[in-house]
Every structure is written in C-alpha cells, then in structure tokens.
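S.K.: Let me give you the structure first, and then I'll get to my questions.
The values are calculated or read from the model by the stated rules, or taken from the named source; none is laboratory data. What you are looking at is a predicted structure, and each value in this text was computed from that prediction instead of being measured. Reconstructed Cβ throughout: ideal geometry from the backbone, glycine too, with neighbour counts over all protein chains shown.
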Amino acid sequence: MISKRLKTLSDLVPEGTVACDIGTDHAYLPCELIKRGICQKVYACDIAKGPLKQAEKTISEAGYSTQIKTILCPGFSKVPEDANCMIIAGMGWKTIETILENDMARLNQFDVIILQSNRDVHLLRAWISRHHMTIIDEKVVEDAGKTYEIVCMTTQKHQNYSEFEIKYGPILLERRDHEFLEYLDRRILKNEQIASKVTDETKKSQLLAEIEEMKRIRQH
C-alpha cells in the first residue's frame, strides 16, 4: 500500500506528462504513476547504485520495465529532454536546492516541478520567490505522524512573494483547505505547549505572537 505522502505527490502529477522522479529510492512513486495511468513513461533517477537496484526490483516485480527507465545520476543531469514533469521529494531543502541549482538552465524543460522538502519549506518558497518563479499549487499532508508540505512550481515569471506567503504558502493561505487548517491547529497546540515551559521572555513572546498570527489565519 502506497503511503499518503506518495499518493498526494502522484495526485499532483498532470495526466499525460513524462515524469522524472529524482531520488527515487524504491521507485514506488513511478510505479504508482504508471499503475494509475497518470503517466505512460517515467524516469526513476538516483545518485546511488543501491537504491537504484531496489528500484529496478520494484519496477520488474510490478511489470513496468518497459515504461519506467532507471537512470544513475546526480539530480536530473541525465534525464532525457522529453521529461516535462519533475518530482524531487523526501529530502532536506539544501539537497533540493543543490539539485535545482546544478542544472538551472534546464528547469524551463519542465511544465511543472513538484518539490517536497522534509524541513525548511519556507526556505524553499523563499528560493522560488528570489528566482521570480511561480508557485501553482500546494498541499499539506499528514502521514505516519509527520506533516509534509508539497509545493508545485513553474519557471513562469512571478513577482516576489511576501514574507507572510513565504512562511505559510500563498496557495495554502488562499485555499485554506481542511488539511491546512488542521496543520495550523497542530502548530498552535505545539507552540502553546512550548510557550508554557519557556523561561526566556523574548522566545516566549515570539511563540505567542506566532500563535496569534496562526489563529488570525484560522479565523479569517
């Protein structure tokens, strides 16, 4: 059974695209894209031989060897030019940033780039803003006790996002869907618990200010 995080990632891939999954690990996502008929062709890429062997095993057992091609490469450096959707998920932001910046000139090749950083999602949005690119979709998903934020972007030119949008997500703020509001509730509760134990007055006032900010979003 595919995880909720991977299911949400697959939901964001536009139907009919040729996708490449960077850091594919076991190739569960490429297999899901083929299984659901979202893609007819997927590239499963990884920098290490071990994970790629695991990916090939998964692909072979699923019977998708003709539709999913594995590529041993750092980032998307060897991804063919017919790929028009890229997924980079399950890594830290610094790793994702390195992958993007190593091949910046090729980002225009992709109609949509789906990014899921395990932490520092505000830094991811800040990078998109700094490069005047466009956030087209965002999702919050809770999976196995962890919360993940997924950001979909294009290289289409966009004005800078505000600090508020970078912190919380422009699409999430606009849509205010159930998952996002529940995520805010969890963050409010966590901050309240921390604030009740903090003795540093500066730190406490920062936490309380953030709690009020999230409550205002919640009630908007």
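Yes/no per residue for (1) closer than 19 Å to Gly92 by Cα; (2) modelled with pLDDT under 95; (3) not acidic (Asp, Glu):
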site: Leu9; (1), (2), (3): yes, no, yes
site: Leu12; (1), (2), (3): no, no, yes
site: Gly23; (1), (2), (3): yes, no, yes
site: Glu32; (1), (2), (3): no, no, no
site: Cys39; (1), (2), (3): no, no, yes
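A quick yes/no check of all residues on (1) out of contact with any strand residue (DSSP E or B) (no Cβ under 8 Å at 6 or more places or on another chain); (2) under 19 Å from Val18 (Cα atoms):
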{"position": "Ser65", "(1), (2)": "yes, yes"}
{"position": "Thr70", "(1), (2)": "no, yes"}
{"position": "Asp82", "(1), (2)": "yes, yes"}
{"position": "Asn118", "(1), (2)": "no, no"}
{"position": "His132", "(1), (2)": "yes, no"}
{"position": "Ile136", "(1), (2)": "no, yes"}
{"position": "Thr147", "(1), (2)": "no, no"}
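S.K.: Can you give me the ranges of the helices (runs of 4 or more DSSP H) entirely in segment 1-95 with at least 3 residues that are more than 16 Å from the chain's Cα centre (by Cα)?
M.R.: Where helices (runs of 4 or more DSSP H) fall fully within segment 1-95 and carry at least 3 residues being more than 16 Å from the chain's Cα centre (by Cα), they are 28-35, 49-62.
S.K.: Report, ordered by the first and then the second residue, all pairs with beta carbons closer than 8 Å, sequence separation of six or more or different chains, a first member in segment 198-219 that is in contact (Cβ under 8 Å) with a residue 12 or more places away in the chain and surrounded by 10 or more Cβ atoms within 10 Å (Cβ to Cβ), and a second member that is not in a helix (DSSP H, G or I) and not hydroxyl-bearing (Ser, Thr, Tyr).
M.R.: Leu207/Val198; Ile217/Arg176
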